[in-house]
Amino acid sequence: MGQRVNEYGQPVGEPMPQWQPAQAPGDQPMTGQYCRLERVDVERHADDLYDAYRAAPDGSDWTYLSVGPFETAGAYRDFLTACAASPDPLHYAVIDLATGKAIGTLSLMRIDKPNGVIEVGFVVFSRRLQKTRMATEAIFLLMQRVFDERGYRRFEWKCDSLNAPSRAAAARFGFTFEGIFRQAVTYKGRNRDTAWFSIVDSEWPALRAGFAEWLDAANFDAQGTQRRTLQTCIAAQRT
């Protein structure tokens, strides 16, 4: 298909006559096979979350975040109180359906309804949540909310360019790397060059099917080991 041009012969983007602004993410819980996402609530979640984070052997999980680690339960409770009151970022607790306990948080942020753009961020997964099916499902539940339920066109992931685990997670989840914004942020007294990743709505159907295939119980053996990787499942759907 050739480049679209306007009446002056200038190249322009594709028209969007049916576009309607996206909807707010909302407060409704999101429930999957292994976990549930619900708006953070200090009384329901603070103690469980602090207990889960405190189980880590050190504070390295907080290195690339603008806050933490928290030395006392009271300090963490104060932080979560601010999270619960924030409309953007909109923070969710990740609840383990097997135990009913909150074991991590993540948020939808930089919510741009007119342009249909939204970001997943402030991902704080405890060691009880990291590298589990629940961790992957939590991201998938947000994707479903963003694309299927609220009509967004673009879902972003950003992180410190030096944060190798976060960059690897973005690639695993099917985000496309877009580049580095140099000297984009300062936090904890240091510079951050920010790595940008995204998923757009045309890519979502293949990703949705790939996530569903990976999360299916049949994809795991009796010991809980995956039979096919998430990347393999997504790649098969894209093909």
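The values are calculated or read from the model by the stated rules, or taken from the named source; none is laboratory data. As the structure is a prediction and not an experimental result, all values here were calculated from the model. Positions of Cβ are backbone-derived with ideal geometry, glycine not excepted, and every protein chain shown enters the neighbour counts.
Listed by first and then second residue, the pairs with beta-carbon distance under 6 Å, at least 6 apart or on different chains, first residue in the stretch 119-146 and more than 19 Å from residue 90 (Cα to Cα), second among the aromatic types (Phe, Trp, Tyr) and surrounded by fewer than 21 Cβ atoms within 10 Å (Cβ to Cβ), are 133/34; 134/34.
Selection over the stretch 111-120 of residues that are in a strand (DSSP E or B) and surrounded by fewer than 17 Cβ atoms within 10 Å (Cβ to Cβ) gives a count of 1.
Just one residue in the set 47, 27 is farther than 29 Å from residue 164 by Cα, at pLDDT below 95 and among the acidic types (Asp, Glu); that residue is 27.
Considered as a group, the residues in the stretch 15-40 that are in contact (Cβ under 8 Å) with a residue 60 or more places away in the chain and among the hydrophobic types (A, V, I, L, M, F, W, C) include one that is surrounded by the most Cβ atoms within 10 Å (Cβ to Cβ), and that residue is 35. Comparison of 108, 141, 80 shows that the only residue that is buried (at least 20 other Cβ atoms within 10 Å of the Cβ), in contact with a Pro (Cβ under 7 Å, 6 or more places away or on another chain) and either closer than 21 Å to residue 201 by Cβ or not hydroxyl-bearing (Ser, Thr, Tyr) (or both) is 108.
Given the criterion assigned to a strand (DSSP E or B) and closer than 16 Å to residue 28 by Cα, identify the matching residue among 108, 141.
108
Filtering the stretch 83-97 to residues that are surrounded by fewer than 19 Cβ atoms within 10 Å (Cβ to Cβ) and in contact with a Gly (Cβ under 7 Å, 6 or more places away or on another chain) leaves only 89.
Yes/no matrix, rows are residues, columns are (1) out of contact with any helix residue (DSSP H, G or I) (no Cβ under 8 Å at 6 or more places or on another chain); (2) over 23 Å from residue 100 (Cα atoms); (3) crowded, with 17+ Cβ neighbours inside 10 Å:
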position	(1), (2), (3)
42	no, no, yes
54	yes, no, no
57	yes, yes, no
62	yes, yes, no
69	no, yes, no
73	no, no, no
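Just wondering, is there one or more residues in the stretch 219-232 that are over 30 Å from residue 66 (Cβ atoms) and among the small types (Gly, Ala, Ser)? Yes, because at least one residue in the stretch 219-232 is over 30 Å from residue 66 (Cβ atoms) and among the small types (Gly, Ala, Ser). Here 58, 88 are screened, and the one residue that is at pLDDT 95 or above, within 30 Å of residue 190 (Cα to Cα) and over 16 Å from the mean Cα position of the chain (by Cα) is 58.
Looking only at residues that are in a helix (DSSP H, G or I) and surrounded by fewer than 10 Cβ atoms within 10 Å (Cβ to Cβ) in the stretch 179-226, which one is nearest to the chain's Cα centre (by Cα)? Within the stretch 179-226, the match that is nearest to the chain's Cα centre (by Cα) is 202. Residues in the stretch 78-91: is at least one outside any loop (DSSP other than H, G, I, E, B), in contact (Cβ under 8 Å) with a residue 12 or more places away in the chain and closer than 21 Å to residue 132 by Cα? The answer is yes; a qualifying residue exists. Among residues of the stretch 156-167 that are closer than 18 Å to residue 109 by Cβ, those with a Cβ under 7 angstrom from a residue that is of a type in the set (Lys, Arg) and outside any helix (DSSP H, G or I), sequence gap 6+ or separate chain, pair up as 160/192. Restricting 100, 74 to those that are in a helix (DSSP H, G or I), without any contact (Cβ under 8 Å) to a residue 24 or more places away in the chain and over 16 Å from the mean Cα position of the chain (by Cα) reduces the list to 74.
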